Structures are given as structure tokens and as C-alpha cells.
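Notes follow the structure.
The values are calculated or read from the model by the stated rules, or taken from the named source; none is laboratory data. Because the structure is predicted, anything quoted here is derived from the model rather than measured. Because the Cβ atoms are built from the backbone with ideal geometry, glycine has one as well, and the counts that use them run over all protein chains shown. For accessibility, only protein heavy atoms count, side chains too; no ligands or nucleic acids. Shrake-Rupley method; radii C 1.70, N 1.55, O 1.52, S 1.80 Å.
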Amino acid sequence: MKLCRIGEPGLERPAMISGNGRILDLSGMIDDIDGAWLASGGVAKLRGIDPAALPEVNPGIRFGVPVARVGKIVCAGMNYRDHCLEAGVPIPEQPALFMKATSALSGPNDHVVQPAGSTQLDWEVELAAVIGRTARSVTTGEALSYVAGYTILNDVSDRDFQFNHGGQWFKGKSADTFCPVGPYLVTSDEIADPQTLGLKLSVNGQVMQSGNTSSMIFGLAELIAHVSGYMTLEPGDILSTGTPPGVGMGHKPDPRWLVPGDVMRLEIEGLGAQEQRVVS
């Protein structure tokens, strides 16, 4: 099942994508797609509905973040070996974790706004998991059962803010619009193995990143188990799993930073695509 939230910012309503790609309005059935709804078994309850009974929505409508009221965004850094090599950092022995502010969330096709003082704007295509029930000190073997679904996340970053402003990655990761998510929340039953998905990111039509989640240093199940040993993951939380090589910071012979007018397109196998234009 592909779930989504549609409408203008702050006025999004729940919807789903039919088997033939139509957008169907769910607002007459449920209030919203959020952590509380996921934890209550909302996905299972939807399986019995007749899609033919749902009103169809104009395909040109805006997509918002597919989950409302996200509690936290936990990210794994340097989780692809080749990305570590291009960044010139050691292969981590444990997952390197950081957070993004929830105020950075934006729709999958909304503009990315380059903030004042930003000079090293960069991209990162990532597989993200949305937690469906409370996870606290879970094992690797059971970890994936806590996932409600999967989506695409662009971990937009300013490398100057990230590395040269006190060494706190949070500063370079959390500006408004630095976390486009979506377009869909693809329920976990539709993704047989999250470690076999192709990822791609293009800038102005040129492929910059092309990888596969099989190349992660720490797989998603390991990440969930590891993170849940340090903090409780709650329904609706987002866990992003790192990016493959090909970011602008690693471009040779010189870094390739985003500038206003650039257009990013991100794709992950089975999860759809998102596209953002950079504006000042």
C-alpha cells in the first residue's frame, strides 16, 4: 500500500495511491496518517476498504510529508563504505548518528531554500524507515517488525555549517526545507528486503549518485536495534539510513555545490521519486 498526504502546507489530508496510479482521498475514512494512527493498526484497517468507493484527486496536487507530526528524525552518517572513502573518514566501527530538526521537514517536491550564509549546499539520497510501534532495546532479528513503511529522504546539508561551525553536524542538517520526505509511505509488506533497493540522485539531469542499499555498512535492522538501545523510537519517528557515494562534497577535482536554479531528482526502487529546485 502506498500512503501519502496531499494539499497545501499545513492543510494536508490523507490519501493513497491505487494500483493504477490514481490518487484516492482518504479524508472521509481517517483523520490523518501519523504515529498514533500507525500504532493503532491503521494500515491493517485500511486493507478492507474498496478503492472504488474513494474519491479521486487531481494528479497535479501537491504532496506533503507522508507522515504527520513526526517526533524525531534520526540519521546514520557515513553508512556506505565508498561514501566514507570519498569523504576521507575512517569506516565507522559503530553507527555514527545525528539528528535533523523536524522543522526541516518539507514535501518531496517543494523548493529547497538556501539559507543566508550558506555556501556549500549539498545533496544526499537516502532510504528512510518510518517506525510503526514503540521500539526500545529491540534485537536485530525483530527490528524490521517495528517498521511501518519506507520512503525517500533527501538529507540536504550545508558542509560549511556542518564542519566549520563548531563541528556539530546538526547545524548543517537542520535549516528549513533541508529534509524533503516522500512522496509515499510504502508499507513494509510491499518491500520484501530493504537491503536490495537501488538509489539514484541527479542534478540538472546528470546522475550524481547511483547505489544500492546492499552496500550499507550497517543494515536497517542493525540500525534500528542500535538506535533503540540509546533512545526509544516512537511511532511516526523517521530513521534515515545514510547515503551512497556521489555527493557534491566528494566531487573531483573540486566540490560541486548546489546553487539557486539547480534541480535535484531522487529515486529509490519501489518508493517513487521526488524533485526539488533550489531557490535563494
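Rounded to the nearest 5, what % of DSSP beta bridges with both residues in the chain are antiparallel?
Here the antiparallel bridges make up roughly 85 percent for the chain.
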Subject >> Coil-residue trypsin sites (Lys or Arg not before Pro) of the stretch 70-179, DSSP, other Cβ within 10 Å capped at 15 >> reply: ARG136
**OP:** Tabulate in residue order the Karplus-calculated ³J(HN,Hα) for the stretch 160-173, using 6.51 cos²θ - 1.76 cosθ + 1.60 with θ = phi - 60°, rounded to whole Hz; enter x for Gly and Pro.
**Re:** 5, 4, 5, 9, 10, 10, x, x, 9, 4, 3, 5, x, 10
**OP:** Determine the dipole magnitude for the stretch 1-143: charges of +1 sit on the beta-carbon of Lys and Arg, -1 on that of Asp and Glu, nothing else is charged, the reference point is the Cα centre, and the result goes in debye to the nearest 20.
**Re:** 400 debye
Original post:
Who wins for biggest fluctuation among VAL67, VAL57, VAL43 in a Gaussian network model of the chain, springs between alpha carbons below 10 Å?
Top reply: VAL57
Original post:
What's the center-to-center distance, using Cα atoms, between the stretch 54-102 and the stretch 249-270 in Å?
Top reply: 16 Å
**OP:** Compute the distribution of all C-alpha to C-alpha distances in the chain, in bins of 5 Å from 0, and list the percent of pairs in each, rounded to whole numbers.
**Re:** 1, 6, 13, 18, 20, 17, 12, 8, 3, 1, 0, 0
**OP:** With an 8 Å cut-off on Cα pairs and a minimum separation of 6 or more residues, tell me the relative contact order of the stretch 1-134 in percent.
**Re:** 23 percent
Subject >> Derived scalar couplings ³J(HN,Hα) [the stretch 266-280; Karplus, 6.51 cos²θ - 1.76 cosθ + 1.60; whole Hz; x for Gly, Pro] >> reply: 10, 9, 10, 3, x, 10, x, 8, 9, 8, 10, 9, 7, 10, 8
Original post:
For the chain, which span is the longest to avoid every loop-located (per DSSP) member of GluC sites (Glu not before Pro) having at most 14 other Cβ atoms inside 10 Å?
Top reply: 94-268
Original post:
Can you pull the three principal axis extents for the Cα set of the stretch 111-155, in Å, largest first?
Top reply: 43, 19, 15
Subject >> Loop-located trypsin sites (Lys or Arg not before Pro) in the stretch 1-61 whose Cβ has at most 14 other Cβ within 10 Å (DSSP) >> reply: ARG22, ARG47
Subject >> In order through the stretch 38-45: 3J(HN,Hα) via Karplus (6.51 cos²θ - 1.76 cosθ + 1.60), integer Hz, x for Gly, Pro >> reply: 4, 5, 7, x, x, 4, 4, 5
Subject >> Residue of ALA175, ALA87, ALA143 that the Gaussian network model of the chain assigns the largest fluctuation, springs spanning Cα pairs under 10 Å >> reply: ALA87
Original post:
Under 13 Å Cα-Cα from LYS100, which aspartates and glutamates qualify once same-chain neighbours fewer than 8 residues away are excluded?
Top reply: ASP155, ASP158, ASP176, ASP237
Subject >> Bins of 5 Å, starting at 0 and running to the largest distance - Cα pair percent for the stretch 1-154 >> reply: 1, 7, 14, 18, 18, 15, 11, 8, 5, 2, 0
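Leaving ligands, DNA and RNA out of it, report the carbon-plus-sulfur percent of the accessible area of the stretch 31-150 at a 1.4 Å probe.
Roughly 53 percent of what the probe reaches on the stretch 31-150 is carbon or sulfur.
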